[in-house]
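The values are calculated or read from the model by the stated rules, or taken from the named source; none is laboratory data. What you are looking at is a predicted structure, and each value in this text was computed from that prediction instead of being measured. Methodologically, a virtual Cβ is constructed for each residue, glycine included, from the backbone with ideal geometry; neighbour enumeration extends over all protein chains shown.
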Ligand code: MEV
């Protein structure tokens with residue numbers, strides 16, 4: 001039996017635009033998905049609990065047939081099942097055993113579909129644990145590549161390497177197309193607000209693609225996000241946290257123009273700004289889920305706790321550890 005864990009992440013800058021070749025800077029955070037894998041004679045059985053901050057338990061037998069009776073949208077359950085199944089397919093391929101059987105237990109501190117990287121963390125940890133269980137240790141490069149292939153398949157060919165690379169290696173990273181690297185980063189005082197909801201990544205990415213193909217302003221907006229990311233990289237290198245905050249505000253405005261924000265995300269962003277945060281933006285695909293703000297003081301977290309539509313607010317540290325073995 002092997003347990004591996006991998007971190008979730010927030011996007012400092014660049015979600016959505018990264019799908020079209022612009023750079024993005026995601027940062028791993030100290031909220032982890034832990035996946036335990038034990039070999040079994042045949043088939044795959046998956047147990048998943050605590051997939052939202054509220055926590056619920058999902059149990060099914062490797063396909064959607066045994067759909068659990070839980071109060072989350074079908075699309076999320078289907079996506080969750082799809083990510084785990086594709087991760088197992090990658091692990092089987094990596095060890096050269098197409099029929100290997102596994103018992104998989106997912107225990108995640110990262111809410112599902114909320115923009116802080118639950119699917120990438122589960123996929124990375126699952127491939128790592130399943131291959132190790134069969135005696136194969138993948139390099140981080142191969143693990144990140146296989147995890148990306150899972151997201152690419154489940155998201156119908158519309159995925160960047162940003163989430164999976166960040167979850168594999170940890171820390172602050174820069175992703176532009178196939179070019180993935182880690183970045184030195186100062187201490188970043190992340191505060192996260194969570195509305196209890198989720199967005200459908202595939203549908204949101206498809207929506208931005210449609211907009212971009214229909215309106216020149218949307219293509220220009222995607223390019224403008226790329227400019228913000230490049231400025232953000234300079235601010236990160238200078239340790240200029242105030243400038244990072246300003247650029248996050250601009251980035252949120254552009255994501256709003258692309259139609260991926262929501263009333264609750266906007267309410268949390270404005271609550272954070274009013275409380276004195278250096279900057280605030282939605283993180284991830286949008287539609288609902290989480291915002292990320294920068295604030296060294298306790299003011300933003302307190303303001304978010306009293307913001308209608310915010311279910312939970314918490315501080316998250318940058319996690320410089322990527323995937324790691326917890327037991328086994
Ligand atoms: C989703 O976490 C981030 C997106 O940019 C999609 C992707 O990069 O694959 C919206």
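General remarks:
- Selected residue (only one of 109, 149 is closer than 24 Å to residue 200 by Cβ, within 16 Å of the ligand (Cβ to nearest atom) and surrounded by fewer than 21 Cβ atoms within 10 Å (Cβ to Cβ)): 149
- Any hit, segment 24-37, residues being closer than 29 Å to residue 137 by Cβ, at pLDDT 95 or above, in contact with a helix residue (DSSP H, G or I) (Cβ under 7 Å, 6 or more places away or on another chain) and within 10 Å of the ligand (Cβ to nearest atom): yes
- The set of residues from segment 113-146 being surrounded by 24 or more Cβ atoms within 10 Å (Cβ to Cβ), touching a helix residue (DSSP H, G or I) at 6+ places or on another chain (Cβ under 6 Å) and assigned to a loop (DSSP other than H, G, I, E, B) comprises 113, 117.
- Residue count for segment 151-167 under the criterion of being at pLDDT 95 or above, more than 10 Å from the chain's Cα centre (by Cα) and not in a loop (DSSP other than H, G, I, E, B): the result is 1.
- Only a single criterion out of (1) assigned by TED's automatic domain parsing to the domain that holds residue 128; (2) over 26 Å from residue 113 (Cβ atoms) is not satisfied by residue 233, namely (1).
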